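A.B. asks: The structure is given below, and queries will be raised subsequently.
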Amino acid sequence: MEKCIIAAIADNGAIGKDNDLLWHITEDMKYFKRTTTGNPVVMGSRTFRSIGRLLPNRENIVISTRLWLEAPRGLKVVRNLEAAYSLAEKAVGCSGVASGEAPAEKASVDEENVAVEDRKIFIIGGGETYRRALPSADKLYITHVHTVIEDADTFFPMIDPAIWAVESTTPVATDPETGYTYEFKVYKRRF
């Protein structure tokens, strides 16, 4: 199963501050939803807490070294990235749709279902989880937000062009609410 990372990154590598996003770009949110729906998503516990809920129509897997006594129904908690990958592969192999939601919700997303053979595992944050996942990732789905956030406290690891080749890119667009310019790029591992 293809292991992918999805993130929105400022020009200086910034991705967050105080456990929150640095911007809210509507098209980036739509891209994230469209790209990850129907696929397992893996995140650190702080990222899950910042989201505050299960992401629908996706198997939600959290990496945490602490015991969760009251994890929300449908949330899977594992201790490391390797266990998350294993669980995601098993979850996809066992069902036609991701199981992070109630059965009634599964039936309502026919147009968003993803064939089992096309499924990917998406790492969705945060900084430490990205750092650990980068060496094993096959693809990167990156929204490059063309700004510098000086006071950010969380950063994405450097994307080394010797390792990552641009597979696709979109034209630069401007978010009407923030004024930030951005583009979507997909990188594929060279080796």
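The values are calculated or read from the model by the stated rules, or taken from the named source; none is laboratory data. On a predicted model such as this, the values are computed, not experimentally measured, just so you know. A quick note on method: Cβ atoms are made from the backbone with ideal geometry, for glycine too, and the neighbour counts reach across all protein chains shown. Accessible surface is based on the protein model in full, side chains and every heavy atom, while ligands, DNA and RNA are left aside. Shrake-Rupley method; radii C 1.70, N 1.55, O 1.52, S 1.80 Å.
A.B. asks: Taking the options 109, 97, 78, name whichever one is at pLDDT below 65 and within 22 Å of residue 52 (Cβ to Cβ).
C.D. replies: On the way: 97 fails: within 22 Å of residue 52 (Cβ to Cβ); 78 fails: at pLDDT below 65.
Step by step, each of 109, 97, 78 is checked, and only 109 is at pLDDT below 65 and within 22 Å of residue 52 (Cβ to Cβ).
A.B. asks: Here is a follow-up. Where the second residue is among the small types (Gly, Ala, Ser) and the first is open to solvent by 50 Å² or more (accessible area, probe 1.4 Å) and lies in segment 179-191, which pairs have Cβ atoms under 6 Å and are six or more apart or on separate chains?
C.D. replies: Pairs that qualify, where the first residue is open to solvent by 50 Å² or more (accessible area, probe 1.4 Å) and the partner is among the small types (Gly, Ala, Ser), are 188/165; 190/165.
A.B. asks: Still on this structure, please answer the following. Looking only at residues that are part of a loop (DSSP other than H, G, I, E, B) and in contact (Cβ under 8 Å) with a residue 24 or more places away in the chain in segment 49-70, which one is surrounded by the most Cβ atoms within 10 Å (Cβ to Cβ)? It would help to see each step written out before you state the result.
C.D. replies: Just the residues of segment 49-70 that are part of a loop (DSSP other than H, G, I, E, B), to begin with: 52-59, 64-70.
Checking the rest, the ones that are also in contact (Cβ under 8 Å) with a residue 24 or more places away in the chain come to 54-59.
Numbers: 54: 17, 55: 20, 56: 18, 57: 22, 58: 22, 59: 27.
The residue in question is 59.
A.B. asks: Of the residues in segment 20-37, how many are open to solvent by less than 30 Å² (accessible area, probe 1.4 Å) and assigned to a helix (DSSP H, G or I)? Reasoning before the result, please.
C.D. replies: Of the residues in segment 20-37, the ones open to solvent by less than 30 Å² (accessible area, probe 1.4 Å) are 23, 25, 28, 31, 35-37.
Going one step further and asking which of them are assigned to a helix (DSSP H, G or I), we end up with 28, 31, 35-36.
Summing the residues that are open to solvent by less than 30 Å² (accessible area, probe 1.4 Å) and assigned to a helix (DSSP H, G or I) in segment 20-37 gives 4.
A.B. asks: Between 151, 160, which is open to solvent by 40 Å² or more (accessible area, probe 1.4 Å), part of a loop (DSSP other than H, G, I, E, B), touching a residue at least 24 places away in the same chain (Cβ under 8 Å) and acidic (Asp, Glu)? Quick ask: steps written out before the conclusion?
C.D. replies: Numbers: 160 fails: touching a residue at least 24 places away in the same chain (Cβ under 8 Å).
None of the others qualify; the one that does is 151.
A.B. asks: Still on this model: Only one residue in 33, 17, 3 is more than 13 Å from the chain's Cα centre (by Cα) and either over 20 Å from residue 132 (Cα atoms) or at pLDDT 95 or above (or both), so which one is that?
C.D. replies: On the way: 33 fails: more than 13 Å from the chain's Cα centre (by Cα); 3 fails: more than 13 Å from the chain's Cα centre (by Cα).
Matching residue, one of 33, 17, 3: 17.
A.B. asks: Condition check: modelled with pLDDT under 95 and surrounded by 19 or more Cβ atoms within 10 Å (Cβ to Cβ). Does residue 92 satisfy that? Lay out the reasoning, then the answer.
C.D. replies: Details: modelled with pLDDT under 95: yes; surrounded by 19 or more Cβ atoms within 10 Å (Cβ to Cβ): yes.
Yes: the conditions hold for residue 92.
A.B. asks: Moving to a separate point now. Select from segment 126-147 the residues that are under 29 Å from residue 62 (Cα atoms) and either of a type in the set (Ser, Thr, Tyr) or in a loop (DSSP other than H, G, I, E, B) (or both) and list them in ascending order. Don't jump to the end; show me each part of the working.
C.D. replies: Within segment 126-147, the first condition is being under 29 Å from residue 62 (Cα atoms), and the residues that meet it are 126-145.
Correct list: 126, 129, 130, 136, 137, 138, 141, 143.
A.B. asks: Take the conditions under 15 Å from residue 126 (Cα atoms) and touching a His at 6+ places or on another chain (Cβ under 7 Å) and apply them to residue 15. Does it pass?
C.D. replies: On the way: under 15 Å from residue 126 (Cα atoms): yes; touching a His at 6+ places or on another chain (Cβ under 7 Å): no.
No.
A.B. asks: Please find, within segment 36-76, the residue that is nearest to the chain's Cα centre (by Cα) out of those that are polar (S, T, N, Q) and over 27 Å from residue 186 (Cα atoms). Give the steps one after another, and end with the answer.
C.D. replies: So in segment 36-76, the residues polar (S, T, N, Q) come out as 36-37, 39, 45, 47, 50, 57, 60, 64-65.
Now restrict to residues that are over 27 Å from residue 186 (Cα atoms): 64-65.
Details: 64: 16, 65: 20 Å.
Taking the candidates together, the pick is 64.
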